[in-house]
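Beneath this line is the structure, given in structure tokens, with notes to follow.
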Amino acid sequence: MKTNREDQKSTASSTSPWLIESRLGEPKSFAVEVRVHAKTQSAHSIQTVKNIRIIALTLLTVMALVSSVVRAETKHGDKKDIVAVASGAGSFNTLVAAVKAAGLVETLQGPGPFTVFAPTDEAFAKLPKGTVQDLLKPENKAKLVAILTYHVVPGKVMAANVKTMKAKTVNGQSLDIKVANGAVTVNKAKVVKTDVAASNGVIHVIDTVILPN
């Protein structure tokens, strides 16, 4: 007969492998799961970093493009020509209509540069009643052209460069420009606003239509 001690040894020897496998198996399985989980997290982290980099590069590209456009606009200034500037101002409607009737749109959209002494709508309203309507008629086109070109001086003359002088116009006749006490007059018209910039010249606003001889 086996003694109790031998039975215990037999029981221990028969159960020990299962106990060892069980005890070792669980940590091994857990370790594998931890490693898989760690790898998954690592993969997600790498993908997240890649996504962040892509977004950052996209934002930097967009910002660079916007900055480039802003610099270009600042460098080149206003791209509108004299006709476009006058049309958009809202106070030269009669002048723009007259320029169109005279067929001078393309001329004033040309490279120039031009200095235009532009009468406001109020300036045209000072003319005798019916004058503007008559000038806009096709049969009076030559007269209208003569009046409008009398308001245009070749070249770009900014206010800082204006002095008392005679300035020859596109019309062929000269304007009498006077500077006194900080005020500028062109013939009998007062300059009420200066240096309205355009891509092909500059506009100085006057309060009276000036008429050639």
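Of note:
- Point-to-point label distance, residue 105-residue 183, nm (Cα→Cβ direction, 7 Å offset): 3.7 nm
- Extended-chain gain in nm, criterion 0.36 nm per residue less alpha-carbon gap, residue 193 and residue 54: 44.9 nm
- For residue 101, the shell of other residues with beta-carbons less than 13 Å away shows a net charge of +2, using +1 for Lys and Arg and -1 for Asp and Glu.
- Within-12-Å neighbourhood charge of residue 211 [Cβ basis; K, R +1; D, E -1]: +3
- Magnitude of the charge dipole for the stretch 109-202, about its Cα centre and with charges confined to Cβ atoms of Lys, Arg (+1) and Asp, Glu (-1), is about 240 debye.
- Residue pairs exceeding 27 angstrom between C-alpha atoms, taken from 137/193; 137/163; 79/126; 166/190: 137/193; 137/163; 79/126.
- Approximating the spin labels as points 7 Å out from Cα along Cα→Cβ, the residue 129-to-residue 211 distance works out to 1.7 nm.
Values in this text are rule-based calculations from the coordinates and carry no lab data. Keep in mind it's a predicted model, so treat the numbers as computed, not measured. In this analysis, Cβ positions are derived from the backbone assuming ideal geometry, glycine residues included, and neighbour counts consider all displayed protein chains.
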